[in-house]
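Only the coordinates and a few stated rules stand behind these numbers; no lab work does. Computed from a predicted structure; not experimentally measured. Here the Cβ positions follow ideal geometry from the backbone for every residue, glycine too, while neighbour counts run over all protein chains shown.
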């Protein structure tokens, strides 16, 4: 065998190995990006708060900074192999998603967009971004939630990862504004709608791969998550497992309210992703991504996510939430 043929065969072997390992791991991210609005007035949604002429003075420069900051967060989570699936909350429309995926840091992922306009009274939606080399998109649906007030739809996305079926649900449940006890029934209602759809999938195929993500505005122990949805601890025998549950009681979280950390951003998977067959989660617990530049430290030394706005005041941070993520492998 000549030297040139040896070089060619070695190259082909390395390419083959790289191809086989391409889908070995996939990073899945969920992130509430805190009011990602464009700067144009849309008469069909209530976006007056985020215009250059508004009290917030939401200018093109501020918009571009936020896009670049979000892109930095998402790509820093998994710099060696960009996330394959990204669920987003608090985005205004498809345009802001198109602007985001065009950011230089994001462009290597060739991200495709799944988005449906929702009836939310503030004009904010949820969305899913995916890398087509990691995820084969098949279909999507906006699951209507109508508990007597306008809120975000649940985004359902179905597709395949390395020929295995995956069902993704992206959520942003009703807020706690008005009090935790008073608003809890709203979130339990949405949890019930989601539970019905998940049960339908798992009844048909108990081994189905289901991933539920988003800002639920409730923590893993709250009734909406633990009882209505039925998401248990990673070491439980639950059909649904909340990878963020172990963070409760550790003074860690994804959102900080009046000095108290909350785990409002949840990652729930079906039990099939916890076993050794097919795809499985790499670690039995999710991760919270935070770096110093994403944080704000007050005069007492307390650290919180550095938000973009506090009322009308521009702080220049990326978001009032930290993103959460986990990895699956096969």
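Can you tell me, using C-alpha contacts under 8 Å and at least 6 residues apart, the relative contact order of region 215-330 as a whole percent? Please report the intermediate quantities before stating the final value.
Details: 222 pairs, mean separation 26.3, N = 116.
Result for region 215-330 is 23 percent.
Note the full-extension length gain between residue 260 and residue 291 as 0.36 nm times their separation in residues minus their Cα-Cα distance, in nm to one decimal.
Stretched out fully, the residue 260 to residue 291 stretch lengthens by 9.3 nm.
Put a dot 7 Å past each Cα toward the Cβ at residue 277 and residue 104; how far apart are the dots in nm?
Label-label distance for residue 104 and residue 277, simple model: 4.8 nm.
GNM on the chain, C-alpha springs below 10 Å: top fluctuator among 219, 55, 136?
55
If R0 is 30 Å, what FRET efficiency do you get for residue 239 and residue 182 from their C-beta distance, rounded to 0.05?
Values: r = 30 Å, r/R0 = 1.01.
After rounding to 0.05, the efficiency reads 0.50.
Would you mind calculating the gained length between residue 203 and residue 329 on full extension (0.36 nm times residue separation, minus the Cα-Cα distance), in nm to one decimal? Intermediate values should be presented prior to the final figure.
Numbers: separation 126, 0.36 × 126 = 45.36 nm, distance 2.46 nm.
The residue 203-residue 329 span can extend by a further 42.9 nm.
What list do you get for 176, 200 if you sort them by fewest beta carbons within 10 Å? Show your work: numbers first, answer last.
Values: 176 18, 200 9.
Final ranking by Cβ density, sparse to dense: 200, 176.
Using Cα pairs closer than 8 Å and at least 6 residues apart in sequence, work out the relative contact order for the chain, in percent. Write out the running numbers ahead of the final one.
Values: 691 pairs, mean separation 54.9, N = 330.
That works out to 17 percent.
Note the direction-averaged projected area, equal to a quarter of the hull surface, for the Cα convex hull of region 102-158, in nm². Display every interim value, and only then the final one.
Details: hull surface 18.4 nm².
Over all viewing directions, region 102-158 projects a mean Cα-hull area of 4.6 nm².
For the chain, set up a GNM with springs between Cα atoms under 10 Å and report which of 113, 212, 154 has the largest fluctuation.
Result: 113 has the largest fluctuation of those listed.
Have a look at 103, 288, 91 and tell me which one the Gaussian network model of the chain (Cα, springs below 10 Å) gives the largest fluctuation.
103
I need the calculated FRET efficiency for the pair residue 160 and residue 53, taking r as the beta carbon distance and R₀ as 56 Å, to the nearest 0.05.
0.75
Over region 57-125, what is the relative contact order in whole percent, taking alpha-carbon pairs under 8 Å and six or more residues apart?
Values: 45 pairs, mean separation 23.0, N = 69.
Over region 57-125, the number comes to 33 percent.
Stretched out fully, how many nm does the piece from residue 196 to residue 116 gain, at 0.36 nm a residue minus the Cα gap? Walk me through the numbers on the way to the answer.
Details: separation 80, 0.36 × 80 = 28.80 nm, distance 2.06 nm.
Full extension from residue 196 to residue 116 adds 26.7 nm.
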